[in-house]
Amino acid sequence: MRFQHPDGSVVHLAYCTNVHPAETLDGVLAQLRDYCEPVRRRLDRARLGIGLWLARDAARTLVADAGARRTLREALERHGLEVVTLNGFPYRGFGGERVKYAVYTPDWTSRERLDHTADLAGLLAELLPGDEPEGTISTLPLAWRTPFTPQDQERALAHLTELAGRLDALAERTGRSIRLALEPEPGCIVETTGQAAEVLTAPGAPPSSRVGVCLDTCHLATAFEDPDRAIAGLTARGVPVVKAQLSAALHAEHPGEPAVRAALADFAEPRFLHQTRERAPGGVLGHDDLDIALFGPEPLPGRDPWRVHLHIPLHARPHPPLTSTLPHLTQALTRLVGGERALTRHLEVETYTWQVLPPALRPRTPEGLADGIAAELSLARDLLTGLGLKELS
């Protein structure tokens with residue numbers, strides 16, 4: 001979906017396909033048919049943007065086979081879909097029964113991550129619509145926090161700088177500019193926007209023309225970062241918001257109460273990591289997962305509000321006494337595209353947790369999932385038009 005900002009630029013809204021487990025090209029083609037086109041039809045749009053996730057095996061197939069790339073482009077066209085952004089964070093296995101810490105490997109200390117991301121950039125340059133010269137790729141924020149030495153950071157930044165050089169060469173060869181976006185996430189080396197600014201302005205960091213930040217509003221909220229201050233801080237340091245992911249975290253105002261703890265326990269599940277933070281008077285406390293925060297040997301105190309890295313569908317409402325951080329998302333979106341100029345042009349709804357939600361929120365059929373994704377995009381569309389953007393046909 002495309003919108004015209006008052007500054008004249010085109011802002012793209014997509015939804016991320018990492019909600020659909022697909023490790024191979026055949027799986028990707030099936031999800032375009034079975035989910036992406038039905039979502040587009042529910043929105044009654046001639047064209048729908050998707051933030052495509054290409055796992056390592058699917059990417060390798062496409063890089064090696066021009067016929068496979070042609071097949072993918074033809075499928076996108078046939079189903080009325082377009083791609084301006086890729087989610088390059090998960091490498092493989094994102095639809096597995098237990099993902100947890102595995103999603104952070106390989107990290108930016110490895111050439112596997114570098115080469116995979118370079119492959120994604122080359123593929124995106126071919127997939128971009130003919131009238132769109134710029135694409136974006138979101139990626140993990142260097143690595144999980146441990147173990148990570150100064151030498152590891154030096155190696156990771158060297159890999160990012162090498163990638164920036166490859167992106168420059170790709171732009172010269174194709175006329176398509178691809179930018180990378182580090183996605184701050186709780187528990188990672190780059191957990192906050194302030195840490196992102198430190199890393200991306202450090203000696204040896206890649207140029208800001210190629211590498212910036214992907215602002216995930218669930219992660220931002222989980223870290224208890226104020227959107228206005230966070231975005232202003234990035235701007236002041238010259239770090240661009242290359243891409244934003246529109247997502248909502250789980251919020252508990254009174255996590256010490258038995259009824260609230262029981263409600264939170266319904267969201268603890270074995271597939272994904274759900275980093276949990278408590279905004280205490282002395283700073284933000286945290287654990288790597290919700291079940292540890294609730295039932296671990298040293299649980300969080302529960303005297304102050306909690307936020308949980310668990311992407312809640314934008315249009316949905318957890319049953320009281322829990323809420324989502326949708327107002328936090330709205331504040332961030334207002335700062336990003338509600339001013340005189342758009343601070344980013346690529347927006348992506350990224351709720352990959354549909355199938356691990358409590359039964360009351362979980363879709364029971366493929367049709368139910370398509371309904372839910374369409375409802376999320378409808379809400380995002382309303383937020384954008386409410387900020388003065390004009391939806392384009």
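The values are calculated or read from the model by the stated rules, or taken from the named source; none is laboratory data. Keep in mind it's a predicted model, so treat the numbers as computed, not measured. For neighbour counting, all protein chains shown are included, and Cβ atoms are generated from backbone atoms with ideal geometry for every residue, glycine included. Remember, those area values only see protein heavy atoms, side chains included, never the ligands or the DNA or RNA. Shrake-Rupley method; radii C 1.70, N 1.55, O 1.52, S 1.80 Å.
Looking at region 372-387, can you tell me whether even one residue there is more than 17 Å from TYR15 (Cα to Cα) and open to solvent by less than 10 Å² (accessible area, probe 1.4 Å)?
Within region 372-387, none of the residues are more than 17 Å from TYR15 (Cα to Cα) and open to solvent by less than 10 Å² (accessible area, probe 1.4 Å).
Determine whether region 334-346 contains at least one residue that is closer than 27 Å to ARG45 by Cβ and part of a strand (DSSP E or B).
Yes: region 334-346 contains one or more residues that are closer than 27 Å to ARG45 by Cβ and part of a strand (DSSP E or B).
Could we say that ARG98 is open to solvent by 30 Å² or more (accessible area, probe 1.4 Å) and either part of a helix (DSSP H, G or I) or of a type in the set (A, V, I, L, M) (or both) here?
It is false that ARG98 is open to solvent by 30 Å² or more (accessible area, probe 1.4 Å) and either part of a helix (DSSP H, G or I) or of a type in the set (A, V, I, L, M) (or both).
Suppose we keep only residues that are touching a Ser or Thr at 6+ places or on another chain (Cβ under 8 Å) and β-branched (Val, Ile, Thr) within region 340-389. Which one would you say is farthest from THR330 (Cα to Cα)?
Among those that are touching a Ser or Thr at 6+ places or on another chain (Cβ under 8 Å) and β-branched (Val, Ile, Thr), it is ILE373.
Could you please tell me which pairs satisfy a Cβ distance under 8 Å, a separation of 6+ or placement on different chains, a first residue in region 70-95 that is more than 14 Å from GLU132 (Cβ to Cβ), and a second residue that is surrounded by fewer than 21 Cβ atoms within 10 Å (Cβ to Cβ) and among the basic types (Lys, Arg)?
ALA75/ARG33; HIS79/ARG33; GLY80/ARG45; GLY80/ARG47; TYR91/ARG56; ARG92/ARG56
ARG60 - would you say it is farther than 29 Å from THR105 by Cα and touching a residue at least 40 places away in the same chain (Cβ under 8 Å)? Walk me through it before giving the result.
On the way: farther than 29 Å from THR105 by Cα: no; touching a residue at least 40 places away in the same chain (Cβ under 8 Å): yes.
It is false that ARG60 is farther than 29 Å from THR105 by Cα and touching a residue at least 40 places away in the same chain (Cβ under 8 Å).
Restricting to region 298-357, give me the number of residues that are over 16 Å from ALA248 (Cα atoms) and among the acidic types (Asp, Glu).
3
Just the residues that are farther than 15 Å from ARG261 by Cβ, in a loop (DSSP other than H, G, I, E, B) and not aliphatic (A, V, I, L, M), please, taken from region 290-315.
If the condition is that a residue be farther than 15 Å from ARG261 by Cβ, in a loop (DSSP other than H, G, I, E, B) and not aliphatic (A, V, I, L, M), then PRO297, GLU298, PRO313, HIS315 are the ones that fit.
Considering each residue of region 28-56, count those that are open to solvent by less than 20 Å² (accessible area, probe 1.4 Å) and in contact (Cβ under 8 Å) with a residue 24 or more places away in the chain, and give that number. Give the derivation first.
Within region 28-56, the subset open to solvent by less than 20 Å² (accessible area, probe 1.4 Å) is 28, 31-32, 36, 39, 43, 48-56.
Subsequent filtering for residues that are in contact (Cβ under 8 Å) with a residue 24 or more places away in the chain retains 28, 32, 36, 39, 43, 48-56.
Summing the residues that are open to solvent by less than 20 Å² (accessible area, probe 1.4 Å) and in contact (Cβ under 8 Å) with a residue 24 or more places away in the chain in region 28-56 gives 14.
Looking only at region 166-188, count every residue that is over 18 Å from LEU142 (Cα atoms) and either out of contact with any helix residue (DSSP H, G or I) (no Cβ under 7 Å at 6 or more places or on another chain) or free of Cβ contacts under 8 Å to residues at least 24 places away in the same chain (or both) and tell me the total.
6
Of ALA59, ALA75, ALA22, ALA14, which residue is modelled with pLDDT under 95 and either touching a strand residue (DSSP E or B) at 6+ places or on another chain (Cβ under 7 Å) or open to solvent by less than 10 Å² (accessible area, probe 1.4 Å) (or both)? So that I can check it myself, show each step before the final result.
Details: ALA59 fails: modelled with pLDDT under 95; ALA75 fails: modelled with pLDDT under 95; ALA14 fails: modelled with pLDDT under 95.
Exactly one residue qualifies, and that residue is ALA22.
Residue by residue, here is whether (1) buried (at least 16 other Cβ atoms within 10 Å of the Cβ); (2) within 19 Å of TYR91 (Cα to Cα) holds:
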residue: PRO147; (1), (2): no, no
residue: ASP152; (1), (2): yes, no
residue: HIS159; (1), (2): yes, yes
residue: GLY165; (1), (2): no, no
residue: ALA181; (1), (2): yes, yes
residue: VAL190; (1), (2): yes, yes
residue: GLY194; (1), (2): yes, no
residue: GLU198; (1), (2): no, no
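State whether the residues of region 322-333 include one that is out of contact with any strand residue (DSSP E or B) (no Cβ under 8 Å at 6 or more places or on another chain), outside any helix (DSSP H, G or I) and not polar (S, T, N, Q).
Keep residues of region 322-333 that are out of contact with any strand residue (DSSP E or B) (no Cβ under 8 Å at 6 or more places or on another chain), which gives 327, 330-331.
Still in the running and outside any helix (DSSP H, G or I): none.
Checking region 322-333: not a single residue is out of contact with any strand residue (DSSP E or B) (no Cβ under 8 Å at 6 or more places or on another chain), outside any helix (DSSP H, G or I) and not polar (S, T, N, Q).
In region 207-224, what count of residues is obtained for those that are under 20 Å from THR85 (Cα atoms) and outside any helix (DSSP H, G or I)?
10
Would it be correct to say that ALA259 is over 25 Å from the mean Cα position of the chain (by Cα), hydrophobic (A, V, I, L, M, F, W, C), open to solvent by 10 Å² or more (accessible area, probe 1.4 Å) and farther than 20 Å from ALA102 by Cα?
yes
Quick one: how many residues across region 25-55 are of a type in the set (Lys, Arg) and either modelled with pLDDT under 95 or in contact with a helix residue (DSSP H, G or I) (Cβ under 6 Å, 6 or more places away or on another chain) (or both)?
1
Could you say whether any residue in region 208-222 is open to solvent by less than 10 Å² (accessible area, probe 1.4 Å), of a type in the set (Ser, Thr, Tyr), at pLDDT 95 or above and within 15 Å of THR344 (Cβ to Cβ)? Reasoning before the result, please.
Of all residues in region 208-222, those open to solvent by less than 10 Å² (accessible area, probe 1.4 Å) come to 211-222.
Those still in the list that are of a type in the set (Ser, Thr, Tyr) too: 217, 222.
Next cut, at pLDDT 95 or above only: 217, 222.
Within this subset, residues satisfying the condition of being within 15 Å of THR344 (Cβ to Cβ) are 217.
Yes, the conditions are met somewhere in region 208-222.
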